[in-house]
Structure formats: C-alpha cells, structure tokens
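Everything on this sheet refers to the single structure shown next.
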Amino acid sequence: MEKTGHYHRALLQYLQEMDISVYVVHVQERQAHMMKTDKRDALGLANHLYNQLALGVQVADKAQLVWRAVPPTQASAQLKGLIRHRYELVGETTQRKNKW
C-alpha cells in the first residue's frame with residue numbers, strides 16, 4: 001500500500017490484526033500525460049513490490065524503497081499515546097496563554 005498521510009493506517013492496522021503481511025511504499029509519481037486509474041495504480045504498486053522483493057532490483061531513490069510494516073510494540077503504542085496527550089496539553093496551554 002502507499003503511505004498516504006494517515007489514511008492508510010486503519011487498513012494497515014486491520015491487516016496486521018488479521019496476520020497479513022503488509023508492505024508500504026511512498027506515493028508513486030506517474031508521468032504527466034497518464035490518467036490516474038485505480039487499476040493502473042494497483043498494477044504499478046504490484047510491479048514495484050515484485051521487482052524489489054522477488055527480483056531484488058535496487059532503486060536509485062531511497063524514497064522508493066518498499067518496507068515491511070511491523071505491528072507496534074506495546075511500549076511504542078504507550079509512548080505514542082503519551083506523545084499525543086502532550087501535544088494536546090501544549091495546544092491547550094497555548095490557547096490559554098493567548099486569551100490573556
């Protein structure tokens with residue numbers, strides 16, 4: 001799957017819960033004259049994955065590397081929650097300071 005902001009996260013989590021291997025790649029650019037279609041995008045991603053994993057083709061741009069997504073550890077999930085909470089607290093503090 002393509003890494004598209006936060007939109008891919010729910011599907012990624014579901015597939016990992018179903019014990020399905022998931023590979024992630026940055027969004028692929030296509031040529032300017034080509035129309036965007038889901039079929040063409042899916043075929044391009046499948047070829048990109050096959051070329052790197054099965055054939056061992058190296059890519060010049062490291063942003064195009066395919067990587068296997070692994071489920072987060074319990075510690076990293078807790079840290080993520082704490083970081084999100086801190087971010088919210090900082091935002092609330094800023095709002096209060098701006099009111100004065």
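Place a +1 charge on the Cβ of each Lys and Arg in the chain and a -1 charge on the Cβ of each Asp and Glu, then give the dipole magnitude about the Cα centre in debye, rounded to the nearest 20. Before the final figure, lay out the partial values.
On the way: 14 positive and 9 negative charges, 97 e Å.
Magnitude of the dipole: close to 460 debye.
In nm, to one decimal, how far is the LEU43 label point from the LYS62 one, both placed 7 Å along Cα→Cβ?
Inter-label distance under the simple model: 3.3 nm.
Among all the lysines, which ones have a C-alpha under 27 Å from LYS39's C-alpha, if same-chain residues fewer than 8 places away are not counted?
In chain and number order, the partners are LYS3, LYS62.
Given the chain reduced to its alpha-carbon atoms as identical point scatterers, what log10 I(q)/I(0) does the Debye formula return at q = 0.20 Å⁻¹?
At q = 0.20 Å⁻¹ the computed log10 ratios are -1.09.
Give, in nm to one decimal, the length gained when the segment between GLU92 and LYS3 is fully stretched (0.36 nm per residue of separation minus the Cα-Cα distance). Provide the component values of the computation, followed by the final result.
Numbers: separation 89, 0.36 × 89 = 32.04 nm, distance 2.99 nm.
Length difference between fully extended and current span is 29.1 nm.
Values quoted throughout were computed directly from the atomic coordinates according to the rules given, and no laboratory measurement underlies them. Bear in mind that the values here come from a model prediction, so they are computed numbers and not experimental data. Because the Cβ atoms are built from the backbone with ideal geometry, glycine has one as well, and the counts that use them run over all protein chains shown.
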